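**Student:** Have a look at this one.
The values are calculated or read from the model by the stated rules, or taken from the named source; none is laboratory data. Quick caveat: nothing in here was measured; it's all calculated off a predicted structure. Quick reminder, even Gly has a Cβ in these numbers, built from the backbone with ideal geometry, and neighbours come from all protein chains shown.
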Amino acid sequence: MHKNFILTNIFKDFLYILIIIVISCLTGYLLLVMVYCIPTKNMEAHVRESVPIFLKEGDYPKVTDSTTSQLDNFTDALMLLTASYPMGEGKKVWEYALDATSVLT
């Protein structure tokens, strides 16, 4: 009887964790869909303003001589391009959220 109790508790814990993971995935996806609903037209001008800075600094500039002060401009530029990517005709918002479409794809 003690074995059944342990197996039942393990199954309950597994089910609880599985439910938490599913709810977390759905919440994250819904938040991503909401982000893709934000209009990107106003972002374009600001992204264009940042281009000369990225070109001047390069992909991985260092603030000081230390390697711990290295910035990651490549990833920053990728995030800006992905966030400001305009949605075209034909695809729905939820499809863009699944694709995470950017200029590089």
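**Student:** Note down all Cβ pairs under 6 Å where the first residue falls in segment 37-63 and is free of Cβ contacts under 8 Å to residues at least 60 places away in the same chain, the second is assigned to a strand (DSSP E or B), and they're at least six residues apart or on different chains.
**Tutor:** Between residues of segment 37-63 that are free of Cβ contacts under 8 Å to residues at least 60 places away in the same chain and residues that are assigned to a strand (DSSP E or B), the close pairs are 60/70; 62/70.
Let's see how each residue does on (1) surrounded by 12 or more Cβ atoms within 10 Å (Cβ to Cβ); (2) more than 25 Å from residue 98 (Cα to Cα); (3) at pLDDT below 85:
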{"site": "17", "(1), (2), (3)": "no, no, no"}
{"site": "39", "(1), (2), (3)": "no, no, yes"}
{"site": "70", "(1), (2), (3)": "yes, yes, no"}
{"site": "80", "(1), (2), (3)": "yes, no, no"}
{"site": "87", "(1), (2), (3)": "yes, no, yes"}
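**Student:** Another one. Give all pairs with beta carbons closer than 6 Å in which a residue from segment 73-100 that is within 15 Å of residue 37 (Cβ to Cβ) and in contact (Cβ under 8 Å) with a residue 40 or more places away in the chain meets a residue that is aliphatic (A, V, I, L, M) and surrounded by 14 or more Cβ atoms within 10 Å (Cβ to Cβ); count only pairs at least 6 apart in sequence or on separate chains.
**Tutor:** Filtered contacts from segment 73-100: 84/43; 84/47; 93/33; 94/33; 96/87; 97/32; 97/33.
**Student:** Please tell me if residue 59 is at pLDDT below 85, out of contact with any His (no Cβ under 7 Å at 6 or more places or on another chain) and not in a helix (DSSP H, G or I).
**Tutor:** No, not satisfied.
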